Every structure is written in structure tokens, then in C-alpha cells.
1. By the scheme Lys and Arg +1, Asp and Glu -1, what is the net charge of all other residues having a beta-carbon under 15 Å from that of Ile63?
2. May I ask you to compute the full-extension gain from Asp107 to Leu27, defined as 0.36 nm times their residue separation minus their alpha-carbon distance, rounded to one decimal in nm?
3. Over the stretch 18-134, average the accessible area per residue using a 1.4 Å probe and give it in Å², no decimals.
4. Say the dipole of the chain comes from +1 at the beta carbon of Lys and Arg and -1 at that of Asp and Glu; which of Val87, Ile33, Leu151 then lies farthest toward its positive end?
5. Hey, got the dipole for the stretch 11-161? About the Cα centre, +1 on K and R Cβ, -1 on D and E Cβ, debye to the nearest 20?
6. Remind me, relative contact order of the stretch 48-157 in percent, using alpha carbon pairs under 8 angstrom and six or more residues apart?
7. Shape verdict for the chain, please, from the Cα gyration tensor: rounded (a/c under 1.5), prolate (a/b greater than b/c) or oblate.
8. Counting only helical runs of four or more DSSP H residues, what would the 222 nm mean residue ellipticity of the chain come to if each run contributes -39,500 (n - 2.57) and the total is spread over all its residues?
Amino acid sequence: MSKQSTLLNKLEPLFRLKLFAFIISLLIMLSGIVGVVVGTLRLYAGVIELSNLHKGQPGIHLIEAVDTYLFSIVIFILGGGIFKLFVGNENTFSNSTVFSKIKTFMDLKVLLWETLLLTLTVWCSLSFFAHSNKASYEQLILPVSILLLALALKFVKSGNH
């Protein structure tokens, strides 16, 4: 055996994808938990303003909370999808209606795409509420982008890509 092949055999355990995917999946899930905490803080601020303890715009905080929760869901889906594709097997998350459908990267991509479209829609509505007094054509960029992303998703799902 040559020195090169023994060196490769020694380095092979470093490149086990399961371990790295597991660590990355855990870190992504931790990011999702942080997102839920931030969303809860925004929800709390909205409820406090809604109860007239402080003057402000409670609707903005409530929409920001929903937007943060939706983005946290995107993060959880990404972490769970990476876990299922690289660490788990076909029976991983078999009782979950969301993750049981993920078999390939394409399935994960479409699921994330749909969730991101919903999140962008909420974020777009937030910008309309937050800046309602500054109506300009620049506010139409995001809705047009959302429309184009939705059309592209429709073409991808129908197989006409």
C-alpha cells in the first residue's frame, strides 16, 4: 500500500457527511428557536401597546411577530429537511405531514419556496402598513417580485422548467 492511500484512509472519517449535516441541522434548529423568542418578544410588545400601556402602533408589532414566526418556520423546515436528507432515512419524520413528503433536494426546495413566498407576502404587507403615508412606485417592487417567484414556482411544479 502506498503512503497516499493510507493517508486517504486516515482522512476519510473527517469527510463523513452525516456528522456535519447533523451539527448543521442542530445549529439551524437553534436559530429557529431564537427566531421564535424574537417573535414572542415582538408579540409581547404589540400586546402591551394594544392594552394602551404605551402609545404606539400595535398592529405593526403584531405583523412583525407573525412575520418572524413564519421565518422561524422556514428555518425549522430547512433544518428538518437537511436532517432528513442527510442524517435520517425514509422513515424519519414519517408521522409528519410536512417532512414525510421530502425525498429529494427538489422537494425541500419547493417546500422552502412556498413557505418563503408566504413570508414575503406578510413582510410586504408589513411594509405597506408601516409606510402607508409614503406611497411610491418603489413599494411595488416587492409585490411584483413575489408574483414572479410565484409564477416561477408554478412552472417548476408543473414540470415546464
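The values are calculated or read from the model by the stated rules, or taken from the named source; none is laboratory data. Keep in mind the model is a prediction, meaning the values are calculated, not measured. Methodologically, a virtual Cβ is constructed for each residue, glycine included, from the backbone with ideal geometry; neighbour enumeration extends over all protein chains shown. These accessible areas exclude ligands, DNA and RNA; they are computed on the full protein's heavy atoms, side chains included. Shrake-Rupley method; radii C 1.70, N 1.55, O 1.52, S 1.80 Å.
1. -2
2. Here the answer is 26.6 nm.
3. With all protein chains present, the stretch 18-134 gives 62 Å² per residue.
4. Most positive-ward Cα: Val87.
5. 220 debye
6. Across the stretch 48-157, relative contact order equals 26 percent.
7. prolate
8. That comes out to -24500 deg cm²/dmol.
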